[in-house]
Each structure stands twice: as structure tokens, then as C-alpha cells.
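What follows is one structure encoded as C-alpha cells, with my remarks underneath.
The values are calculated or read from the model by the stated rules, or taken from the named source; none is laboratory data. In this text the structure is predicted, and so the values were computed from the model without any measurement. Please note: Cβ atoms are built from the backbone with ideal geometry, for glycine as well, and neighbour counts cover all protein chains shown.
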Amino acid sequence: MSNFKRKLRRNNARNFVKSIKKKSTEQKMLFEMIPDHCLNCYAPFDKTDREMVNSWFVTVREKEEVVKLFCPPCWNKAKEIVDDLKERANEKSA
Ligand SMILES: [Zn+2]
């Protein structure tokens, strides 16, 4: 589980875009790789829409160069799932 955590960096889409803008062309390629829709519900995402960039979320696996995009409702659902998993893991180790 801790291994998984290290590999997967979670970010607000805004921070992600910021971090890319600061960096090299390699990072800009990651920006190109942001999907144009929510991975879960396929709601359309506009990279040039500031409000959307501010409120949507991405997860980045830099090694695999995989960028996943979630709209706020799906992100909250995903968080619940992760929290649930964590709780179960804690129960096991306790
Ligand atoms: Zn969604």
C-alpha cells in the first residue's frame, strides 16, 4: 500500500498545470496527455477553462506517464473508496 502511495501523485488539476508550465518540454507532453473527459463518467473537460482546471483533479504516474482525470463528484467518490480501503487496512493491522 505504501509503495502504491509513493508512485501515485495526487494533484489538483490547477497545481498539476502549474507544475508543468514551470518545467521542461517533457512535462509539457504530460499536459498534452490530460484526458479531455472524466475517466469515470466521461463528463467533458476543457483544459483552457480556468474554473474547470481549478476544480477537477488529476492523478499522475510519472514513470508510466499516465494521467488520469476526474471531475469533482467522481473524485469525491474515489476518495471515499480510498478512505474505505485505508480504514480496512488499518483494521487488519490493528
Ligand atoms: Zn466524473
Going residue by residue through the stretch 69-89, is there one that turns out to be more than 14 Å from the ligand (Cβ to nearest atom), of a type in the set (D, E, K, R), under 21 Å from LEU30 (Cβ atoms) and not in a strand (DSSP E or B)? no
Of the residues in the stretch 32-60, those that are outside any loop (DSSP other than H, G, I, E, B) and within 13 Å of the chain's Cα centre (by Cα) come to HIS37, VAL53, ASN54, SER55, PHE57, VAL58, THR59, VAL60
If I ask for residues that are within 16 Å of the ligand (Cβ to nearest atom) and either modelled with pLDDT under 90 or in contact with an Asp or Glu (Cβ under 7 Å, 6 or more places away or on another chain) (or both), which ones from the stretch 17-44 would you list? ILE34, PRO44
Please go through the stretch 51-68 and give me each residue that is within 14 Å of the ligand (Cβ to nearest atom) and among the hydrophobic types (A, V, I, L, M, F, W, C), ordered by number. MET52, TRP56, PHE57, VAL58
